[in-house]
Amino acid sequence: MNIDLNIFQGASGRRPAARLALAVAVVGAIALSACRDFDVENLNAPTDDQLTNAPSRAVLARTAIGIQIEAFNDLAGEIQQWGLYGRELYNLLGNDPRETGEELSGPQDPGGRAGAGWTGKYGAIRTIHTYLSVLRTSPDLTAEAELRASEGFAKTIKAWHLHKLAIRSGATGLPIDTDQPIEDPPAPLVTSAAAMEAASDLLDEALADLQAGGTAFPFTFVPGYTGFTTPATFAQFNRALAAKVLVHRATFHGCTTCWTEAATALAGSFVTDAGLPGSLSTGVYYGYTGTAGELSNPITEPLTSLRYWVHPSIVTGVQLQPGGQPDLRLTRKAIRLSRTLVTGDTVRTLNNLVGTYKPILYNNANFSANTGADIPWITNEELLLLRAEIRWNTGDKLGAISDINLIRQHAGGLAPSTLTIASSDDAFITELLYNRLMSLMFSQGVRWVDARRYNRLATLPRDRTGDVVHPHMLIPASECDARGLTPPCSI
């Protein structure tokens, strides 16, 4: 059964406060209705009343699971849309003209995909608001350590939603004061810089809660959090996210003090240069099982699919190993179609866009779709690259080069870079962004985000005359209308 969780979420600051992970409850009800009466209590998820009226320990635990599930909101859309904007990939399926038109050449439509990646996140934030507001009303979740652990968990996830919204929205602005009654006016728009700062503050607040959170959470975790399911280990995840937010604040918004703050946050994370290359994959993932009725990897597909293709510039720009073979990160994540792999055409051409390589990082060994493949949220591989970026900008250039070379060697099979401490900032950024693209492609729209934060949008490919690179996404038209503004609107 495929259920779109986004249908249960409303616009920012415009939906009732008493919403929990309603999607989970409805999915359970639909499944039961196939063979039973509707007069059967849903034992898989709490109701609104159960959550807001002195919720039990079990009700709160199920709501925490809902918060974890809602962290998946918009992920597939981000990977595709941010990947299109940043020229990581093409969508050449041909069933939607926006994928080769509007998203590559404009103009953006605030009533369509350019306004996406908004409602789902604000719906998730509303669930977290409700959860936090009722935690301390429970009659049987009273241990202070468990309450603090729960608060630290929820605040961490909320902060990440805020940060992702700030990235998508850029200069248009976004609301952050959304924990208001439904009858109140929509929350005001603030700058992306203010939203990222709020995310940083909330992550720090969450850390204090987690540090006072004892030894265990009063709920379980969905797949993807292996190794990070106690307050102490989840705090390492929190610090990894905090370091990333601070680096983004430094590069997007010129926060000079954020570099040293990021170094401190990273030191409290799970970053390590021990156990390489195996430890590169240590981290938190968006976890999937591939089991019927559960969340499945939303972007995996067989090689015969015409949907996703690697942007040709990634292939032509790949660096070579000492023996002349391509960077291992390309060969692990993409493959050129050939007659031995598929029957029929091995090249896809649509609207003057040409695809020859398919992404395979979420496929099985035989290249079939793997619906149980996890998608990285944040891993040690990314943290080492963040550490390189932080070290370069805090005066430890030798350390930065060492971290770059660790990734080149252990992830890419490449020789050390030609960087020296005398290299220019521009040369370092070029090398850094190459490695970030190869290490993180097809998981978070990294090429588009990095080009924006280092003012390098002009360097991204324009494949056809008239093509553009969009600098941000738009505020949804409905949000503009609610504020009496004409779409496309901005702060």
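Residues that are of a type in the set (V, I, T) and touching a strand residue (DSSP E or B) at 6+ places or on another chain (Cβ under 9 Å) within the stretch 186-244 comprise V190, T191, T226, listed in sequence order. Among the residues making up the stretch 419-465, those that are in a loop (DSSP other than H, G, I, E, B) and under 19 Å from the mean Cα position of the chain (by Cα) are M441, F442, S443, Q444, G445. Do any residues in the stretch 100-117 that are touching a residue at least 40 places away in the same chain (Cβ under 8 Å) and surrounded by 19 or more Cβ atoms within 10 Å (Cβ to Cβ) have Cβ atoms under 6 Å from those of residues that are part of a loop (DSSP other than H, G, I, E, B) and among the aromatic types (F, W, Y), where the two are at least six apart or on different chains, and which pairs are they? Close Cβ pairs (under 6 Å, with a partner that is part of a loop (DSSP other than H, G, I, E, B) and among the aromatic types (F, W, Y)) do not exist here. For the stretch 304-362, taking the residues that are charged (D, E, K, R) and part of a loop (DSSP other than H, G, I, E, B), the one that is farthest from the chain's Cα centre (by Cα) is identified as R339. From (1) in contact with a Lys or Arg (Cβ under 9 Å, 6 or more places away or on another chain); (2) within 18 Å of L460 (Cβ to Cβ), pick out the condition that doesn't hold for G317. With respect to (1) in contact with a Lys or Arg (Cβ under 9 Å, 6 or more places away or on another chain); (2) within 18 Å of L460 (Cβ to Cβ), G317 is out only on (1). If the condition is being among the β-branched types (V, I, T) and buried (at least 19 other Cβ atoms within 10 Å of the Cβ), then the stretch 277-297 contributes only V284.
Conditions tested, residue by residue: (1) at pLDDT 95 or above; (2) within 30 Å of V222 (Cα to Cα); (3) touching an Asp or Glu at 6+ places or on another chain (Cβ under 6 Å); (4) small (G, A, S).
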{"residue": "L341", "(1), (2), (3), (4)": "no, no, no, no"}
{"residue": "L350", "(1), (2), (3), (4)": "yes, no, no, no"}
{"residue": "G355", "(1), (2), (3), (4)": "yes, no, no, yes"}
{"residue": "L361", "(1), (2), (3), (4)": "yes, yes, no, no"}
{"residue": "N370", "(1), (2), (3), (4)": "yes, yes, no, no"}
{"residue": "I378", "(1), (2), (3), (4)": "yes, yes, no, no"}
{"residue": "L384", "(1), (2), (3), (4)": "yes, yes, yes, no"}
{"residue": "R387", "(1), (2), (3), (4)": "yes, yes, yes, no"}
{"residue": "K397", "(1), (2), (3), (4)": "yes, no, no, no"}
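Kindly establish whether A274 is surrounded by fewer than 23 Cβ atoms within 10 Å (Cβ to Cβ) and either β-branched (V, I, T) or in contact (Cβ under 8 Å) with a residue 60 or more places away in the chain (or both). So A274 does not fit the description; no. Across the stretch 70-99, which residue is surrounded by the most Cβ atoms within 10 Å (Cβ to Cβ) among those that are aliphatic (A, V, I, L, M) and in contact with a Leu (Cβ under 7 Å, 6 or more places away or on another chain)? In this case the residue turns out to be L84.
When each of A64, A58, A54 is tested for being of a type in the set (A, V, I, L, M, F, W, C), in contact with a Ser or Thr (Cβ under 6 Å, 6 or more places away or on another chain) and either over 29 Å from S490 (Cβ atoms) or buried (at least 22 other Cβ atoms within 10 Å of the Cβ) (or both), the lone residue that passes is A54. Within the option set S192, S269, being of a type in the set (G, A, S), within 20 Å of W160 (Cβ to Cβ), crowded, with 21+ Cβ neighbours inside 10 Å and touching a Gly at 6+ places or on another chain (Cβ under 7 Å) holds for one residue only, S192.
Tell me which residues, restricted to the stretch 359-392, are of a type in the set (V, I, T) and free of Cβ contacts under 8 Å to residues at least 60 places away in the same chain. I360, the sole residue that qualifies.
Within the bounds of the stretch 108-115, is there any residue that is small (G, A, S) and farther than 23 Å from S169 by Cα? Within the stretch 108-115, none of the residues are small (G, A, S) and farther than 23 Å from S169 by Cα.
Looking at D426, D396, D345, just one residue is surrounded by fewer than 18 Cβ atoms within 10 Å (Cβ to Cβ), among the charged types (D, E, K, R), under 19 Å from Y90 (Cα atoms) and without any contact (Cβ under 8 Å) to a residue 12 or more places away in the chain, and that residue is D345.
Scanning the stretch 409-418 for residues that are part of a loop (DSSP other than H, G, I, E, B), surrounded by 15 or more Cβ atoms within 10 Å (Cβ to Cβ) and either within 26 Å of the chain's Cα centre (by Cα) or of a type in the set (G, A, S) (or both) returns G413, S417.
Residue count for the stretch 208-261, restricted to those that are crowded, with 21+ Cβ neighbours inside 10 Å and either modelled with pLDDT under 95 or of a type in the set (V, I, T) (or both): 2. Only one residue in R453, R464, R436, R408 is touching a residue at least 60 places away in the same chain (Cβ under 8 Å), of a type in the set (K, R) and under 26 Å from G283 (Cβ atoms). Which one? Just one listed residue meets the conditions, R453. Yes or no: the stretch 147-166 includes at least one residue that is out of contact with any helix residue (DSSP H, G or I) (no Cβ under 7 Å at 6 or more places or on another chain), over 16 Å from Q68 (Cα atoms) and at pLDDT 95 or above. No.
Checking K121 against (1) at pLDDT 95 or above; (2) not in a helix (DSSP H, G or I), which test does it fail? So the condition that K121 fails would be (2).
When A477, A451, A458 are checked against the criterion of being under 30 Å from I401 (Cβ atoms) and buried (at least 19 other Cβ atoms within 10 Å of the Cβ), A451 stands alone in meeting it. In the stretch 298-318, which residue that is closer than 18 Å to A373 by Cα and in contact with a helix residue (DSSP H, G or I) (Cβ under 7 Å, 6 or more places away or on another chain) is surrounded by the fewest Cβ atoms within 10 Å (Cβ to Cβ)? Checked the stretch 298-318; the qualifying residue surrounded by the fewest Cβ atoms within 10 Å (Cβ to Cβ) is P298.
If I ask for residues that are surrounded by fewer than 20 Cβ atoms within 10 Å (Cβ to Cβ) and more than 25 Å from the chain's Cα centre (by Cα), which ones from the stretch 139-173 would you list? P139, D140, T142, A143, E144, A145, listed by residue number. The residue pairs whose first member lies in the stretch 174-185 and is of a type in the set (A, V, I, L, M), whose second member is outside any loop (DSSP other than H, G, I, E, B), and whose beta carbons are closer than 6 Å, counting only pairs six or more residues apart or on different chains, are L174/L165; L174/A195; I176/V190; I176/A195; I176/A198.
The values are calculated or read from the model by the stated rules, or taken from the named source; none is laboratory data. Worth saying up front: this structure is predicted, and the values here are computed from it rather than measured. Heads up, the Cβs are rebuilt from the backbone with ideal geometry, glycines too, and the neighbour counts pull from every protein chain shown.
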